[in-house]
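Report on the following structure.
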Amino acid sequence: QVQLVESGGGLVQAGGSLRLSCTASGSILSINAMGWYRQAPGKQREPVATITSGGRTNYADSVKGRFTISRDNAKNTVYLQMNSLKPEDTAVYYCNADVLDLVLRFPMDYWGKGTLVTVSS
């Protein structure tokens, strides 16, 4: 089994910054893509940013130029640096990882429990 634990959420004023972290642990042989998704109240979960094991990144149009995703493969950790935050960024942010499970020996998709980001105007 694999666990993803997010941290770094909180309350921030518009224009401020937050840094989210997510660490994967457990039965991990390797991790392919990692990413951040978010779900605002009354809306569907949407992708925010993803990063491959090789460092290739992809961002939602709404966060380009403001958010930066990065990862530390040695620590099985992905980060999301969020700058110039807007009230519309308010959501629960979820970490996702495509993990090659050590025991199962095939890729599995795992999710964290989420961390709340609230941006006040």
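Remarks
- In order along region 101-117, phi translates into HN-Hα couplings of 6, 5, 8, 6, 6, 8, x, 10, 9, 10, 10, x, 7, x, 9, 7, 10 Hz, rounded to whole numbers, per the Karplus curve 6.51 cos²θ - 1.76 cosθ + 1.60 with θ = phi - 60° and x for Gly and Pro.
- Straight-distance crosslink candidates among lysines, where the alpha carbon sits under 23 Å from Lys64 and sequence neighbours closer than 8 are dropped: Lys43, Lys86
- Of all accessible heavy-atom area on the chain, the percent that carbon and sulfur account for (1.4 Å): 50
- Taking a straight line from the alpha carbon of Lys113, these aspartates and glutamates sit under 14 Å away, with near neighbours fewer than eight places off in the same chain left out: Glu6.
- Remark on Phe67: its backbone amide H falls under 5 Å from those of Asn83, a criterion applied only to residues 5 or more positions apart or on other chains, H modelled at 1.01 Å from N.
- Radius 10 Å from Cβ of Gln81, net charge of other residues (Lys, Arg +1; Asp, Glu -1): +2
The values are calculated or read from the model by the stated rules, or taken from the named source; none is laboratory data. As the structure is a prediction and not an experimental result, all values here were calculated from the model. So basically every Cβ, Gly included, is an ideal-geometry build from the backbone, and we count neighbours across all protein chains shown. The accessibility values were calculated without ligands, DNA or RNA, using every heavy atom of the protein model including side chains. Shrake-Rupley method; radii C 1.70, N 1.55, O 1.52, S 1.80 Å.
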